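Here the structure is laid out as structure tokens; the discussion comes afterwards.
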Amino acid sequence: MTKSNHRESDYPINPMFLDRWSPRAFTGEIIEEAQLLGLLDAAHWAPSSANHQPWRFIYALKGSGHWEKFVALLVDANQEWARNASALIFVVSRAFTGAAGSIEEKPSYTHSFDAGAAWGHLAIQARLSGLYAHGMGGIKHEEIRQAFDIPEGYRVEAGVAVGRLADKSVLSERNQAREFPSQRKPLSEVAFNGRFVAN
């Protein structure tokens, strides 16, 4: 059993998995591009089916000329707090293998799975680097595709806000009430020995 960050695991795991969580309260401070690239470097070392490495990352740093464009591509509820992050990232995955348009081009069944593994690496490296990362499904997927000329065959997966933790008082009352490390279902509800249980 492991306890950390007001969380408790049933098994002995590294506390960093409990210490990683997704806050909304960020300080808004500027970070160096090299700091963000360190997180993306960790992400791109994630496991990859047949080493296809389908993940792609589009990013902007707070204070850059791209910042407001990135903020505007989040849904309104996420714009409210994510504009105080230090960086915003859009995760895109390549949904095919082989050269585009060639006879080698084939659909990739695991592109989203692999991109998710990369996001997990990014989130852990953020925590190890004194930063926090908050993944977001609340992004304007089709507008992102258009804004960055993302061609067919690539899937806009999610957004990520990265920054340093601030006091929750910087948030709206609604988000202050949600600003805590979330718990998880018991492992027995999601892991099954020799069978599947729909629940």
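The values are calculated or read from the model by the stated rules, or taken from the named source; none is laboratory data. Bear in mind the structure is a predicted one, so any value in this text is a computation, not a measurement. Please note: Cβ atoms are built from the backbone with ideal geometry, for glycine as well, and neighbour counts cover all protein chains shown. Calculation scope for accessible area: heavy atoms of the full protein, side chains included, ligands and nucleic acids excluded. Shrake-Rupley method; radii C 1.70, N 1.55, O 1.52, S 1.80 Å.
Applying both filters, DSSP loop and at most 11 other Cβ atoms within 10 Å, to the GluC sites (Glu not before Pro) of the range 31-104 gives 32, 104. Please identify every one of the chymotrypsin sites (Phe, Trp or Tyr not before Pro) in the range 148-199 that sits in a loop by DSSP and has no more than 12 other beta carbons within 10 Å of its own beta carbon. Qualifying residues, ordered by number: 192, 196. Please report the spacing between the Cα centers of the range 1-50 and the range 88-162 in Å, no decimals. What the calculation gives is 17 Å, centre to centre. Of the Cα atoms belonging to the range 1-91, the radius of gyration and Dmax stand at 16.2, 47 Å. At q = 0.11, 0.13, 0.18, 0.19 Å⁻¹, what log₁₀ I(q)/I(0) does the range 90-175 have when each alpha carbon counts as one equal point scatterer in the Debye sum? Taking Cα atoms of the range 90-175 as identical point scatterers yields -0.42, -0.56, -0.90, -0.96. A simple packing score, the average count of other Cβ atoms within 10 Å per residue, orders the peptides 83-92, 105-114, 125-134 as 83-92, 125-134, 105-114, with the highest score first.
Considering only Cα atoms, the convex hull volume of the chain works out to 156 Å³ per residue.
For the residues 62, 3, a 1.4 Å probe over the protein chains yields an accessible-area ranking, largest first, of 3, 62. On the principal axes of its alpha-carbon atoms, the range 128-199 has extents of 45, 42, 28 Å, going from largest to smallest.
With each label modelled as a point 7 angstrom along the Cα→C-beta vector, the residue 185-residue 106 pair spans 3.3 nm. For the range 60-189, what is the accessible area per residue in Å², given a 1.4 Å probe and the full set of protein chains? With the other protein chains kept in place, the range 60-189 gives 52 Å² per residue. In summary, the lysines within cross-link reach of residue 69, defined as a Cα separation below 27 angstrom excluding same-chain residues under 8 places away, comprise 140, 168. Taking a straight line from the alpha carbon of residue 185, these aspartates and glutamates sit under 19 Å away, with near neighbours fewer than eight places off in the same chain left out: 8, 10, 19.
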